[in-house]
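This report concerns only the one structure given below.
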Amino acid sequence: MRPFRFCPACASELDPPDNESGARCPSCGRVWYRNAAPSAGAAITAGRRALVTVRGREPKKGRIDLPGGFLRPDEDPISGLRREVAEELGVEIDVSNGDFVQGAPHTYGEEGDWVLALGFKARLTGGEPRPADDVAGIEWVAEEELDDLDWAWPHDLELVRKALSDGA
Ligand SMILES: [Zn+2]
């Protein structure tokens, strides 16, 4: 991740980041941290299978992904996950904080920005998933097929593996 060079508040040039990755503004005194952006993703299971998506956009277009996305600043992970799944697939899911499986830091995009990916297991509450523009397709896959898929991010493979072995 590229650190801020100029203060987002007053546009002064910042001092170099300290060891905690915060950069102090010599003009207004604010400190800017390189925090990870939180995202939420779902391993939607039905019996012994899980739903995976094919990415329709860069980065990692064409590779295997899970439904989900970045949380809005005022959004809790469950609400954000439900919103993203509704936007991407047009369906509602059953998911709660008790379905939390893992939190995985990873980098995203050409700048290598850090993301904290919160992974949940979930179930469809009805309807047929219909991919939106940013999703090229969906597949229902079994545990023995997981290693043969071209995953965009290894933590998504781990999330699905854990969700399926859990008998979710
Ligand atoms: Zn400033």
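Values quoted throughout were computed directly from the atomic coordinates according to the rules given, and no laboratory measurement underlies them. Values in this document were obtained by computation on a predicted structure and should not be read as measured data. Using ideal geometry, Cβ is built from the backbone for each residue, glycine included, and neighbour counts are taken over all protein chains shown.
Observations on the structure shown:
- For ASP113, distant residues with modelled amide H under 5 Å away: TYR108
- Per residue convex hull volume, Cα atoms of the chain, in Å³: 128 Å³
- Working from Cα pairs under 8 Å separated by at least six residues, relative contact order for the range 1-128 is 25 percent.
- Charge dipole of the chain about the Cα centre (unit charges at C-beta), most positive-ward option of LEU71, TRP140, PRO26: PRO26
- Charge tally for LEU81 (other residues, Cβ to Cβ under 10 Å; Lys, Arg +1; Asp, Glu -1): -2.
- Over the chain, dividing the summed -39,500 (n - 2.57) contributions of all DSSP H runs of at least 4 residues by the number of residues returns a 222 nm mean residue ellipticity of -4500 deg cm²/dmol.
- The chain: angle of helix 154-165 to the longest principal axis, Cα-based, in degrees nearest 10: 40 degrees
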